[in-house]
Amino acid sequence: MTIKLNLEEVSLSGIAGKRPIIVSGPCSAESEYQVVETAKQLEKLNVHVYRAGIWKPRTRPGTFEGRGTVALPWLQRVKKETRLLITTEVANRQHIREALKYGVDILWIGARTTANPFAVQELADALHGLDIPVFIKNPINPDIELWIGAIERINRAGIKKIIAIHRGFSSYRNSHFRNNPQWEIPIELKRRIPELPILTDPSHICGTKEFIFEISQRAMDLNFDGLFIESHINPEEALSDKNQQITPKELGKLLNRIVFRSLTITDSKLINILTKLRTQIDQYDDELLDIFEQRMNISETIGKFKKENNITIFQPGRWEEIVENRIKQGEKKGLSTEFITKVFKAIHQESINRQNRVMN
Ligand code: PEP
Ligand code: MN
């Protein structure tokens with residue numbers, strides 16, 4: 001069942017070719033120079049909207065919580081001196097009031113706020129009767145209903161220009177992502193509310209610069225509507241999220257590298273099916289890698305234990321038992337004996353190598 005909302009397209013003045021929508025700017029507004037200089041460099045790229053956090057919801061106290069209202073005139077300068085639209089995160093009624101006073105074009109609701117219906121309702125009440133676009137990030141937990149609920153609350157307040165931002169989902173288990181993308185959730189959101197644009201935020205998904213390109217390309221291959229990427233003139237000196245910010249120059253290169261596939265309607269349906277399947281494969285591969293990493297860490301811990309207690313690495317009884325059991329388990333799952341034997345031999349060999357390293 002699809003959900004019918006009262007939505008209107010967000011018009012982005014500035015540059016030709018509206019898809020993909022690119023939002024970029026620093027995690028936080030830190031100084032007038034950093035805000036304006038970053039914007040001037042981003043203006044030269046295909047960026048539509050300039051982002052900068054003024055009030056930062058930090059997980060732990062005692063870290064940089066944003067410059068607050070004094071930074072709003074800096075954003076206002078960006079609006080005056082460049083063609084970029086400006087957006088900042090709002091988490092309460094007061095933030096909305098201040099942001100509107102300084103002509104912020106688009107408001108954004110952060111992941112921690114989306115997770116809290118009381119906070120979202122407060123924002124919805126404050127927005128009642130206004131005509132301003134709102135970005136709504138997914139909640140930090142993988143709960144699509146909570147995300148849809150926030151979108152509905154804002155829409156019921158009369159806001160018709162809404163864009164969802166997919167920024168990944170936190171998990172307790174270590175993963176090479178800061179926030180797992182769990183692509184099936186934004187895909188399901190698109191299915192439930194087809195006319196709702198969705199941007200992907202690879203910066204907060206990755207947590208480091210490393211996979212920003214891959215995640216961006218994947219988002220484009222999945223037909224999402226754009227990207228929300230953090231950019232800072234000097235990432236090493238950033239006061240928040242320094243590991244995941246890239247310079248405007250790096251962003252330019254990244255945008256040039258992305259293949260924006262455009263296809264005829266009939267083809268795109270087929271490609272969509274294939275891309276979704278491939279995305280599931282990619283996701284399972286990501287999980288496999290995380291599991292391999294965790295398994296090898298345990299092998300090393302066992303290596304230390306064996307060293308301290310003076311026992312040999314190779315324990316034939318244990319190994320035979322493992323292979324036999326895994327083959328039986330694999331058979332039940334339709335996996336051939338040959339495949340299971342090869343995979344577990346390779347895993348076992350790698351475990352021995354790791355333990356060897358620890359012991360010697
Ligand atoms: C941000 O965009 O800087 C931010 C705080 O993001 P999120 O709400 O996704 O954590
Ligand atoms: Mn950030």
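Any chance you could run the full-extension gain for residue 76 through residue 271? It's 0.36 nm times the residue separation minus the Cα-Cα distance, nm to one decimal.
Gain on stretching residue 76 to residue 271: 66.0 nm.
Tell me, what is the percent relative contact order of segment 95-145, built from C-alpha pairs under 8 Å that lie six or more residues apart?
48 percent
By its C-alpha gyration tensor, with a ≥ b ≥ c as the square roots of the eigenvalues, how is segment 21-257 shaped: rounded for a/c under 1.5, else prolate for a/b larger than b/c, else oblate?
Because its axes are fairly even, with a/c under 1.5, segment 21-257 counts as rounded.
How much of the accessible area of the chain, probe 1.4 Å, is carbon plus sulfur, in whole percent?
So the carbon and sulfur contribution to the accessible surface is 53 percent.
For the chain, find the longest principal axis of its Cα atoms and tell me its angle to the long axis of helix 248-257, 0 to 90°, nearest 10.
70 degrees
For the chain, what's the relative contact order in percent, using C-alpha pairs closer than 8 Å and at least 6 residues apart?
14 percent
Among rounded, prolate and oblate, which fits segment 268-359 when a ≥ b ≥ c are the square roots of the eigenvalues of its C-alpha gyration tensor, a/c under 1.5 means rounded, and a/b larger than b/c means prolate?
oblate
Per residue, what accessible area does segment 71-172 have, given a 1.4 Å probe and all protein chains present, in Å²?
38 Å²
Could you state the accessible area per residue of segment 268-359 in Å², with a 1.4 Å probe and every protein chain left in place?
Per residue, segment 268-359 has an accessible area of 74 Å².
Note the count of lysine pairs whose C-alpha atoms are less than 22 angstrom apart in segment 268-359, limited to pairs 8 or more residues apart or on different chains.
8
So which of 56/137; 137/160; 40/80; 56/79; 79/242; 137/242 end up more than 18 Å apart, counting from Cα to Cα?
Checking Cα-Cα distances, 56/79; 79/242; 137/242 exceed 18 Å.
Expressed as a whole number of Å, what is the distance separating the alpha-carbon centroids of segment 212-258 and segment 118-148?
24 Å
Using r as the Cβ-Cβ distance of residue 8 and residue 329, and R0 as 56 Å, what FRET efficiency do you calculate, to the nearest 0.05?
0.60
With runs of 4+ DSSP H residues as the only contributors, calculate the mean residue ellipticity of the chain at 222 nm using -39,500 (n - 2.57) per run, divided by the residue total and rounded to the nearest 500.
The helix contribution divided over the chain gives -16000 deg cm²/dmol.
The values are calculated or read from the model by the stated rules, or taken from the named source; none is laboratory data. Not measured: the values here are computed from a predicted model. Cβ sites come from the backbone with ideal geometry, for glycine too, and all protein chains shown count toward neighbours. These accessible areas exclude ligands, DNA and RNA; they are computed on the full protein's heavy atoms, side chains included. Shrake-Rupley method; radii C 1.70, N 1.55, O 1.52, S 1.80 Å.
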